[in-house]
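To start, the structure itself, in structure tokens.
The values are calculated or read from the model by the stated rules, or taken from the named source; none is laboratory data. Just so it is clear, the model here is predicted, and its values are computed rather than measured. When we count neighbours, we look across all protein chains shown, and the Cβ atoms used for this are built from the backbone with ideal geometry, even at glycine.
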Amino acid sequence: MDTVKKILLIEDEEIFIEMFGEKLKQEGFEVTVARNGAWGVKETTLENFDLFILDMVMPAMSGEEMINKIKLEDKTKNIPIIALSNSVDSETQKRVEDLGVQAFFVKTHLTPSELVAEVRKLVG
Amino acid sequence: MEFDLVVKLQSCSEILQLNKQDGLVGFIYYSHIPTAAVSLLLGLFVFLKNKKDISAKLLLLISMFFATWSFFDIILWTSVDSRKTMFFWSLISLAENLVTVSALYFAYVFLEKRDVSSKIKIFFMTLFLPYLFLMPTAYNMPGFNVTLCEAEQGKLINYFYFLEILFFLILAGYVSKKIIQTKSEDKKQVVYFSIGIILFLASFSGANIAGSVAAILNPENPDNWKILQYGLFGMPVFMGFLAYLIVKFKAFNIKLLGAQALVISLVGMVAAEFFFTPLDNTTNIILISVTVLLSAIFGMFLINSVQKEAQRKEELQQMSDSLSLANDKLRQLDQAKNDFVSMASHQLRRSPTSIKGFISLILEGSYGEISPEIKDILEKVYKSNEVQIAFVEDLLNVSRLESGSVKFEFAPAKVEELCQDTVDALSLKAKDGGLYLDYKKPEKPLPELMMDKSKIREVISNLVDNAIKYTKKGGVTLAVELCRKKQSNCLSVEHIRLTVSDTGIGIPATEIPYLFSKFSRGKDISRLNANGTGLGLYLVKMMIGGNGGKVWVESEGDGKGSRFIMELPLEQSKEAL
């Protein structure tokens with residue numbers, strides 16, 4: 001059996017942590033949760049993660065800032081990122097995609113299963 | 001007439017009589033009274049306009065010293081009492097030097113825009129001390145020349161000249177230095193002021209000194225002091241000039257003040273004719289009276305009209321001030337609205353998002369098996385929640401578009417690509433509904449258009465999606481063509497035309513005018529199977545409008561299908577960009 005994939009979920013809202021986090025665990029992933037942006041960025045270097053899932057609107061640090069920091073760090077720059085947003089604003093989406101994230105989802109258009117499908121696509 | 005040696009001197013009376021005959025006394029009045037009055041009024045005006053300004057205070061002080069000096073001088077010229085002559089003669093040089101020193105003070109304050117230090121003040125006061133002590137002594141006035149009806153000058157007069165020349169030199173040196181030092185736009189102001197203050201002092205003390213020098217050189221000549229009179233006429237002129245500068249550079253209401261000063265000096269000067277024109281002639285009296293009256297009346301009109309203009313200007317200024325204030329408020333409100341929208345967008349999406357997520361988990365069996373009945377109900381809830389999500393998104397989009405917080409980003413792009421994207425994305429959906437989705441490509445490749453690609457893509461996809469929704473049988477065709485000017489169906493500008501036609505339910509003619517307005521999706525919605533939010537077409541219209549294009553609908557009526565047509569101009573107008 002494959003080694004368990006480690007995912008860092010950076011998300012501040014409890015309900016989404018439960019919804020996405022529980023589903024990912026059920027599907028056999030190891031999920032670490034960070035509840036704000038600054039904490040999340042710190043967390044990225046502490047362990048060897050296989051994937052980051054981050055919310056674009058966060059306390060302490062915005063999603064864009066986080067992605068910038070992650071992409072600047074040698075240890076984390078090649079780890080795939082899934083960005084979740086609450087807004088369908090296409091400008092934000094374009095900016096974030098330019099920063100090098102692998103997938104961008106508007107939360108209202110995404111079910112937990114669809115997220116899991118995307119995660120599997122990215123980390124196998 | 002009886003004379004004595006003190007109170008009524010025969011010689012003085014004779015000289016006065018002689019001077020009256022010469023018209024010299026009238027001339028003295030004319031050179032002293034109106035000039036002093038005008039200077040005083042100017043000083044007072046400027047002071048009243050800005051009581052806190054120190055240079056305005058000093059100008060008033062100068063005018064007061066000058067008026068005092070004028071008053072003393074008139075007494076010297078008209079008194080036949082040797083005591084009065086002696087008393088005022090001893091004081092007049094003090095008054096004269098006070099004018100000079102306050103002019104110096106004034107110049108410093110005006111140009112430096114701050115008060116003189118206490119040390120310098122004490123230094124100048126000390127210069128006056130010998131003067132004050134020696135004034136009542138014989139050093140000042142050793143005696144009285146009965147023949148000329150004049151006081152004899154003592155040694156103190158030399159100190160007086162020394163001070164007067166010293167002050168003048170300090171002033172000249174100071175303003176020259178200031179002119180050299182000052183750069184840029186302030187230079188003009190400094191030069192004007194320096195010329196004004198130098199001429200002011202030159203016309204005042206210059207004439208005085210010249211008179212005194214003449215008296216020393218040729219003590220027997222009774223005309224020595226006449227020269228002094230001419231200098232006095234310069235006083236109100238330069239006073240006025242200085243007043244103008246203060247007012248101009250302190251931003252008072254210059255026009256009004258200028259008009260008031262002009263009228264008052266004019267009336268004063270004309271009225272002064274009473275003093276020196278022989279009044280034995282009735283015609284003269286009437287002439288002068290009428291002139292004074294007329295100049296006073298016209299002067300009042302002038303002041304009045306200038307005042308009105310000034311008021312209007314002030315009102316306009318206030319209006320524009322309050323307008324810009326209101327503008328600021330509006331901007332703040334707009335910002336508050338945008339903040340609210342983005343906050344609301346976050347909050348409004350949270351619940352439907354979690355409902356969607358959890359229901360999808362339940363339906364997928366993540367929480368265990370559920371009965372078909374519950375599954376059926378949950379599917380309905382899920383669908384209704386999707387409508388809610390779509391509605392919230394449309395609502396927020398409308399709000400953002402209307403508040404102008406959506407920026408259109410123009411870049412060259414190909415419409416065919418966007419059409420292809422849409423067809424690729426929606427062909428499966430059409431197939432599921434048993435419909436065809438045709439794409440009629442243009443015969444030749446289209447030129448690139450300046451447009452906001454993502455918004456146009458959204459619009460095309462929205463229109464095709466709508467067409468699929470409202471069609472039960474048949475299908476949807478998306479066509480793109482170029483409209484050249486020469487073509488018959490082409491309107492004024494060259495454009496690219498996109499047509500989305502369907503074989504769906506069609507639109508009654510009565511509903512067409514309302515179709516693109518907010519919350520409109522056909523009055524008889526029971527006919528429609530779609531879960532529209534009523535905002536989609538309104539958004540389409542706004543986005544096309546933002547790209548400088550037009551969109552409209554054509555339909556033969558109920559059940560006969562519809563054509564949604566949009567045109568995007570080849571040349572974007574400059575305003576749209």
_Single residue of B:Phe391, B:Phe408 found to be outside any loop (DSSP other than H, G, I, E, B) and either within 10 Å of chain A (Cβ to nearest Cβ) or under 19 Å from B:Met543 (Cβ atoms) (or both)_ = B:Phe391
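Could you please give the count of residues in the range B:106-123 that are in contact with a Phe, Trp or Tyr (Cβ under 8 Å, 6 or more places away or on another chain) and not small (Gly, Ala, Ser)?
Going through the range B:106-123, the residues in contact with a Phe, Trp or Tyr (Cβ under 8 Å, 6 or more places away or on another chain) turn out to be B:107-108, B:110-111, B:116.
From the residues that got through so far, the ones that are not small (Gly, Ala, Ser) too are B:108, B:110-111, B:116.
Counting residues in the range B:106-123 that are in contact with a Phe, Trp or Tyr (Cβ under 8 Å, 6 or more places away or on another chain) and not small (Gly, Ala, Ser) gives 4.
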*Looking at the range B:546-569, which of its residues are surrounded by 17 or more Cβ atoms within 10 Å (Cβ to Cβ) and in a loop (DSSP other than H, G, I, E, B)?*
B:Asn547, B:Gly548, B:Gly549, B:Gly561
*asked:* Against the conditions (1) surrounded by 14 or more Cβ atoms within 10 Å (Cβ to Cβ); (2) assigned to a loop (DSSP other than H, G, I, E, B); (3) not β-branched (Val, Ile, Thr), where does B:Asp4 fall short? Just the number, please.
replied: (1)
*Under the condition of being among the β-branched types (Val, Ile, Thr) and within 17 Å of A:Gly37 (Cβ to Cβ), which residue from the range A:84-111 is modelled with the lowest pLDDT?*
A:Thr92
*For the range B:437-451, how many residues are of a type outside the set (D, E, K, R) and part of a loop (DSSP other than H, G, I, E, B)?*
4
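Hey, can you tell me all the residues within the range B:452-478 that are within 15 Å of B:Ile507 (Cα to Cα) and not in a loop (DSSP other than H, G, I, E, B)? Please lay out each step first, then the result.
Going through the range B:452-478, the residues within 15 Å of B:Ile507 (Cα to Cα) turn out to be B:463, B:466-472.
Residues satisfying the conditions are B:Leu463, B:Asn466, B:Ala467, B:Ile468, B:Lys469.
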*Residue count for the range A:76-115, restricted to those that are more than 10 Å from every other protein chain (Cβ to nearest Cβ), within 24 Å of B:Ser354 (Cβ to Cβ) and assigned to a helix (DSSP H, G or I)*: 2
*Report, by residue number, each residue of the range B:40-71 that is in a helix (DSSP H, G or I), over 19 Å from B:Ser93 (Cα atoms) and touching a residue at least 60 places away in the same chain (Cβ under 8 Å).*
B:Leu41, B:Leu42, B:Gly43, B:Phe45, B:Val46, B:Lys49, B:Ile54, B:Ser55, B:Ala56, B:Leu59
_Among residues of the range A:1-39, those that are of a type in the set (Gly, Ala, Ser) and modelled with pLDDT under 90, counted_ = 2
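Taking the stated definitions as given, is B:Met566 modelled with pLDDT of 60 or more and either over 22 Å from B:Val398 (Cβ atoms) or more than 45 Å from the chain's Cα centre (by Cα) (or both)? Step through it out loud before you land on a result.
Details: modelled with pLDDT of 60 or more: yes; either over 22 Å from B:Val398 (Cβ atoms) or more than 45 Å from the chain's Cα centre (by Cα) (or both): yes.
Judged against the criteria, B:Met566 is a match.
Where in the range A:1-74 are there helices (runs of 4 or more DSSP H), lying wholly inside it, with at least 1 residues that are in contact (Cβ under 8 Å) with a residue 12 or more places away in the chain and within 14 Å of chain B (Cβ to nearest Cβ)?
Passing ranges, in order: A:14-26, A:63-72.
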*asked:* So the check is Cβ under 6 Å with 6+ separation or different chains; which pairs have a first residue in the range B:344-357 that's more than 7 Å from chain A (Cβ to nearest Cβ) and a second one that's modelled with pLDDT of 80 or more?
replied: B:Leu348/B:Val392; B:Ile355/B:Asn385
*Give me the pairs: first residue in the range B:161-182 and crowded, with 19+ Cβ neighbours inside 10 Å, second residue part of a helix (DSSP H, G or I) and basic (Lys, Arg), beta-carbon distance under 8 Å, and six or more apart or on different chains, which are they?*
none
*Output for the range B:444-464, where each listed residue is of a type in the set (D, E, K, R) and either within 15 Å of B:Thr499 (Cβ to Cβ) or within 14 Å of chain A (Cβ to nearest Cβ) (or both)*: B:Asp452, B:Lys453, B:Lys455, B:Arg457, B:Glu458
_Quick check on my filter: what residues within the range B:4-61 are closer than 20 Å to B:Val109 by Cα and in contact with a Leu (Cβ under 7 Å, 6 or more places away or on another chain)?_
B:Gly43, B:Leu44, B:Phe45, B:Val46, B:Phe47, B:Lys49, B:Leu59, B:Leu60
*Matching residues, the range B:358-378, being out of contact with any helix residue (DSSP H, G or I) (no Cβ under 7 Å at 6 or more places or on another chain) and more than 11 Å from chain A (Cβ to nearest Cβ)*: B:Gly368, B:Glu369, B:Ser371, B:Pro372, B:Glu373, B:Ile374, B:Asp376, B:Ile377
